[in-house]
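The values are calculated or read from the model by the stated rules, or taken from the named source; none is laboratory data. This one's a predicted model, so the numbers in the text were calculated from it and none came from an experiment. Here the Cβ positions follow ideal geometry from the backbone for every residue, glycine too, while neighbour counts run over all protein chains shown.
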Amino acid sequence: MNYQKQKHVHELTGSTKVFNECDECHNHRFCTVTGEAIYKRDCDDHYHEVKFHTDFSDEHFHEFYGKTSGAIEVGNGKHVHFIKDFTEEADDHKHEFQAATLIDSPIDFKCR
């Protein structure tokens, strides 16, 4: 495998879980592109680093830095990744979120 060759990325978009304490009820949205695939040396799998800022809501935003699950096959040689985590704390709280990446190169497939 050529580790110098540019590797694929995925789009990732989602919303955080609603925060509803102290008369504050809000959530945030995010949209980003993952980092390039990071291949695991001990198995035939990979993951992606994820970094984003949420939208600005209720006079603040949140940051996140983490990584996806391994590849989840969806057929036709395509895959997605799952992520479930928490944002960094801002305005004395954090948000849980979960999302699946979009398929890399969704129209790049072989017709049968």
Of everything in segment 18-55 that's free of Cβ contacts under 8 Å to residues at least 24 places away in the same chain and among the polar types (S, T, N, Q), which residue is nearest to Lys5 (Cα to Cα)? Thr32
Quick one: which of Cys31, Cys43, Cys25 is within 17 Å of Val9 (Cα to Cα) and loosely packed, with under 13 Cβ neighbours inside 10 Å? Cys31
Taking the condition of being among the hydroxyl-bearing types (Ser, Thr, Tyr) and within 17 Å of Glu89 (Cβ to Cβ), how many residues in segment 37-66 meet it? 3
When the residues of segment 4-34 are filtered to those that are part of a strand (DSSP E or B), more than 11 Å from the chain's Cα centre (by Cα) and hydrophobic (A, V, I, L, M, F, W, C), which remaining residue is farthest from Gly70 (Cα to Cα)? Cys25
What number of residues in segment 56-112 are in a strand (DSSP E or B) and either closer than 28 Å to Cys43 by Cβ or at pLDDT 90 or above (or both)? 25
Of the listed residues (Asp92, Asp58, Asp85), the one being over 12 Å from the mean Cα position of the chain (by Cα) and surrounded by 12 or more Cβ atoms within 10 Å (Cβ to Cβ) is Asp58
Does Phe19 qualify as being surrounded by 14 or more Cβ atoms within 10 Å (Cβ to Cβ) and modelled with pLDDT of 95 or more? no
